[in-house]
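The values are calculated or read from the model by the stated rules, or taken from the named source; none is laboratory data. Note that the structure is predicted; figures quoted are calculated from it, not measured. Heads up, the Cβs are rebuilt from the backbone with ideal geometry, glycines too, and the neighbour counts pull from every protein chain shown. What goes into the accessible areas is simple: the full protein's heavy atoms, side chains included, and nothing from ligands, DNA or RNA. Shrake-Rupley method; radii C 1.70, N 1.55, O 1.52, S 1.80 Å.
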Amino acid sequence: MKTIETPILVLTGAGISRESGVPTFRGADGLWKNYRAEELATPEAFARRPELVWEWYDWRRQAIAKCNPNAAHEVIVAIEDATGPGEFLLATQNVDGLHELAGSRNVRRLHGSIWHLRCVRCDHEELNRTVPLAPLPPPCPQCGSFLRPGVVWFGEGLDRVVLDAAFTAARTARTVLVIGTSSLVYPAAALPEIALESGAHVVEVNPEATPLSPYVAERLEGPAAELLPAWWREHAPTD
Ligand code: NAD
Ligand code: ZN
């Protein structure tokens, strides 16, 4: 690739899926039956009221099932297609699966996946796209205990292997795209910081300024589905 230096790291957050209609955690969108996401997406909430937490996830799954990848998800696939083996990694904070649906391959899901369920007691895990789910909470087919959503809740640690892959990519990347993330939630927010320290060219796509904004080389100030395709037309290899 001539115009963008590789390796490339792409980091995405809830903002990239906004134009696909995926409900976010903030503002009016984040409210469900008067509960805030922060009150439901925790291990404590699940231990106390698993049916309630599952009802919310089932509602989210139904909403997300109606959403399609948008032009920004598609540009990220085009960037991956234009790079060689080992030159591209996508680290996403999203749990919606839209990157995979668009065709992204080298994806690391920092916060897990709403489509993966795992048992709270045994080692059973499954990919399950059924909406709505019944009964709630879904029973484990292996041991009869509950399945939980395969997402990382507030207060839980991230998967070591996933995190290591993302940090390695941040240290070696020459170009980093940071799309639709508030850059407030760590450790994800540390990835562009590490890349900046290593001298990478960092591009931020976000209609709002974030704590990262003052340090980036380029800011695309607006919706990702609108601005990213234009940016890629300027930077895509022509031969
Ligand atoms: P966030 O903290 O990642 O912030 C979203 C950012 O997107 C904001 O800075 C906002 O200015 C920006 N934005 C809004 N519209 C945009 C657009 N059209 N193009 C580009 N940027 C845009 O997101 P959050 O909603 O506060 O979520 C926190 C965490 O909750 C996430 O990291 C994730 O784990 C989880 N979550 C996931 C999803 C999903 O899977 N789609 C949705 C909501 C929450
Ligand atoms: Zn089990």
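Could you please find all residues in the range 24-47 being surrounded by 14 or more Cβ atoms within 10 Å (Cβ to Cβ), in a loop (DSSP other than H, G, I, E, B), within 12 Å of ligand 1 (Cβ to nearest atom) and modelled with pLDDT of 85 or more?
Once the filter is applied, which keeps residues that are surrounded by 14 or more Cβ atoms within 10 Å (Cβ to Cβ), in a loop (DSSP other than H, G, I, E, B), within 12 Å of ligand 1 (Cβ to nearest atom) and modelled with pLDDT of 85 or more, the range 24-47 yields only 41.
Looking only at residues that are open to solvent by 70 Å² or more (accessible area, probe 1.4 Å) and without any contact (Cβ under 8 Å) to a residue 24 or more places away in the chain in the range 169-193, which one is nearest to the chain's Cα centre (by Cα)?
The selected residue is 186.
Would you point out which residue out of 90, 9, 101 is away from ligand 2 (no atom under 16 Å from the Cβ), touching a Pro at 6+ places or on another chain (Cβ under 7 Å) and modelled with pLDDT of 95 or more?
None of the other options fit; the residue is 101.
Given the structure, is residue 58 in a loop (DSSP other than H, G, I, E, B) and of a type outside the set (A, V, I, L, M)?
Spelling it out, it is not the case that residue 58 is in a loop (DSSP other than H, G, I, E, B) and of a type outside the set (A, V, I, L, M).
Sort out which residues of the range 139-161 are within 16 Å of ligand 1 (Cβ to nearest atom), among the hydrophobic types (A, V, I, L, M, F, W, C) and without any contact (Cβ under 8 Å) to a residue 60 or more places away in the chain, and write them in order of number.
152, 158
If I go through the range 210-237 residue by residue, how many of them are part of a loop (DSSP other than H, G, I, E, B) and either acidic (Asp, Glu) or touching a residue at least 24 places away in the same chain (Cβ under 8 Å) (or both)?
Summing the residues that are part of a loop (DSSP other than H, G, I, E, B) and either acidic (Asp, Glu) or touching a residue at least 24 places away in the same chain (Cβ under 8 Å) (or both) in the range 210-237 gives 8.
Against the definition (more than 10 Å from ligand 1 (Cβ to nearest atom), open to solvent by less than 20 Å² (accessible area, probe 1.4 Å) and modelled with pLDDT of 95 or more), how does residue 228 come out, yes or no?
no
Grab the strands (runs of 3 or more DSSP E) fully contained in the range 110-165, keeping just those with 1 or more residues being surrounded by 16 or more Cβ atoms within 10 Å (Cβ to Cβ).
Those strands (runs of 3 or more DSSP E) span 112-119, 147-151.
Scan the range 34-93 for residues that are under 28 Å from residue 195 (Cβ atoms) and of a type in the set (Phe, Trp, Tyr) and jot them down.
Residue satisfying the conditions is 88 alone.
For (1) more than 26 Å from residue 167 (Cβ to Cβ); (2) open to solvent by 60 Å² or more (accessible area, probe 1.4 Å), each residue gets a yes or a no:
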site	(1), (2)
8	no, no
18	yes, yes
49	yes, yes
52	yes, no
64	yes, no
69	yes, no
81	no, yes
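Could you look through the range 121-138, keep only residues that are within 12 Å of residue 54 (Cα to Cα) and without any contact (Cβ under 8 Å) to a residue 40 or more places away in the chain, and pick out the one that is nearest to ligand 2 (Cβ to nearest atom)?
Taking the candidates together, the pick is 135.
Among the candidates 95, 77, 107, single out the residue that is open to solvent by less than 70 Å² (accessible area, probe 1.4 Å), over 13 Å from residue 17 (Cα atoms) and within 16 Å of ligand 1 (Cβ to nearest atom).
When all the criteria are applied, what remains is 107.
Name the pairs: first residue in the range 80-102 and of a type in the set (A, V, I, L, M), second residue open to solvent by less than 10 Å² (accessible area, probe 1.4 Å) and within 16 Å of ligand 2 (Cβ to nearest atom), Cβ to Cβ under 9 Å, at least 6 apart or on different chains?
95/149
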